[in-house]
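All remarks here apply to the structure that follows.
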Amino acid sequence: MAKKEVMQGNEALAESALRAGCRFFAGYPITPQTEITEYLAAKMNDMPDRAFVQGESELASINMVYGASGSGARAMTATAGQGLALMAEGMSQLADAQVPAVIVDVQRGGPGNGGTAPSQGDYNFVTKSLGHGGFHAFVFGPSTVQETADMVYEAFDIADEYRCVVMIMTDGMLGHLIESVELKPYRDLKALPPRPWTEKGNPEGRKLQICGGQPDIELEKARRIEKIYEKWERELARVEHFMTDDAEVILAAWGTVARTAKTAIRKLRAEGHKIGLIRPITIYPFPVAAFAELDEKRVRHLITMENATPAQFHLDVKAALGGKPIPLSTYHRGMGSELSVEEIEEQLRGLL
């Protein structure tokens, strides 16, 4: 059994990325992500076959990641919402050329400058169209430091397998939370999966496409990528059901809000109330079946909670219900003001 360590969320994520085989990182400091950049700056350039660059901006950083990954190296960057907006063009280029990358978004308030406190306000941006052109990233939404470390370790494999962008969506709370974590072993860089496309182009024999080409070729490529998304939706959506087997009231939440909600649910369960939680682990692909298959004869109410205003996650839950006659409501707040255990409990008692 691996030794457990006590680490901050951002640092556990950075260390796990190194262990997963990240060979190149380019990033620009921004609260509440900066500890990831600092941790990797202190370690990477002293390790063989690794390179760290502090870019002059987020725009420069994403394009450095593009170049490094296109050359065959596992590459990553990390930022917060405002920095992610600056990376949009580069992320679209990554999708167009099918160059894999791992991107971490440690969310803070927005829109515009917003604040530096935790938020879930980047949900629509990251899950609906990460850049122009309507492409998707594979998006994880961890709720513990352990999950954060495990997901970034896995993210590089998913990025390589599907030649896609994989996003890890945390926030300022989870990034700065200190918990015990069990880290996976360091991978042998020489034993990582090969990337034959970096030398040979894609399977159709064309070279790696960096810029737009002829419309028929672009359409063919877009349809190929679309089939990947369909496979994700069929096979790779993940969800946690927490005390839902007999639940009459169900709360839906993700990330740190779901984490906080569990404490309120445990307390109400101890009093005999039948309350449960559905927590999407992947927020793209979204676990539609978890909501579409709810028993309307048993579930009296479904409430979504999120740290975002206006509500965003709520709309995906509403769509996933597919018109089921289950009363649905939302309770949300954003701009860095976290939902508390007491507040969540109060809302649930109101439904009871």
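So which aspartates and glutamates pass the test for K324, namely a Cα distance under 17 Å, with those fewer than 8 places away in the same chain ruled out?
Straight-line reach from K324, under 17 Å: E248, E293, D295, E296, D316.
Can you give me the long-range amide H partners of A252? Hydrogens built in the peptide plane at 1.01 Å from N, cutoff under 5 Å, separation of 5 or more residues or another chain.
I278, I303, T304, M305
Tell me, E248, E306, E235, E179 in order of fewest to most beta-carbon neighbours within 10 Å?
E235, E248, E179, E306
Mind putting a number on the dipole of the chain about its Cα centre? Charges go on the C-beta only, +1 for Lys and Arg and -1 for Asp and Glu, and I need it in Debye to the nearest 20.
500 debye
Multiplying the sequence separation of T116 and E230 by 0.36 nm and subtracting their Cα-Cα distance, what value in nm do you get?
Length difference between fully extended and current span is 37.5 nm.
Order by neighbour count: I344, I281, I103, fewest other Cβ atoms within 10 Å first, most last.
In increasing order of surrounding Cβ atoms, one gets I281, I344, I103.
Can you give the direction-averaged projected area of the convex hull of the alpha-carbon atoms in the chain, in nm²?
So the mean shadow area of the Cα hull is 18.2 nm².
Rounded to whole Å, give me the distance from the Cα center of the range 126-179 to that of the range 1-62.
A separation of 15 Å, based on Cα centres.
Going by a ≥ b ≥ c, the root eigenvalues of the Cα gyration tensor, does the range 119-189 fall in the rounded group (a/c under 1.5), the prolate group (a/b larger than b/c) or the oblate group?
oblate
Based on other C-beta atoms within 10 Å, arrange E38, E147, E89 from fewest to most.
By the 10 Å Cβ count, ascending, the order reads E89, E38, E147.
Express as a percent, rounded to the nearest 5, the fraction of DSSP beta bridges in the range 240-351 (both residues included) that run antiparallel.
Counting DSSP beta bridges with both partners in the range 240-351, the antiparallel share is about 20 percent.
Taking amide H positions as placed in the peptide plane 1.01 Å from N, state which residues far from A117 in sequence (5 or more) or on other chains have amide H under 5 Å from it.
G109
Checking the table K128/K227; K190/K227; K297/K318; K190/K221; K128/K184; K4/K184 against a 21 Å threshold on Cα-Cα, which pairs fail?
Flagged as over cut-off: K190/K227; K190/K221; K128/K184.
Quick query: amide H of V104 versus all other amide H atoms, modeled in the peptide plane; which residues come in under 5 Å with a sequence gap of 5 or more or a different chain?
T77, A78, T79, I168
For K262, give me every one of the lysines with a C-alpha distance below 18 angstrom, ignoring sequence neighbours fewer than eight places off in its own chain.
The reachable lysines, counting only those whose Cα sits under 18 Å from K262, are K274.
To the nearest 0.05, what FRET efficiency results for V6 and L219 with a Förster distance of 56 Å applied to their C-beta separation?
Working from the Cβ atoms, E equals 0.65.
No lab work stands behind these numbers, since they all come straight from the coordinates. Because the structure is predicted, anything quoted here is derived from the model rather than measured. As a convention, Cβ positions derive from the backbone with ideal geometry for all residues, glycine included, and neighbour counts pool all protein chains shown.
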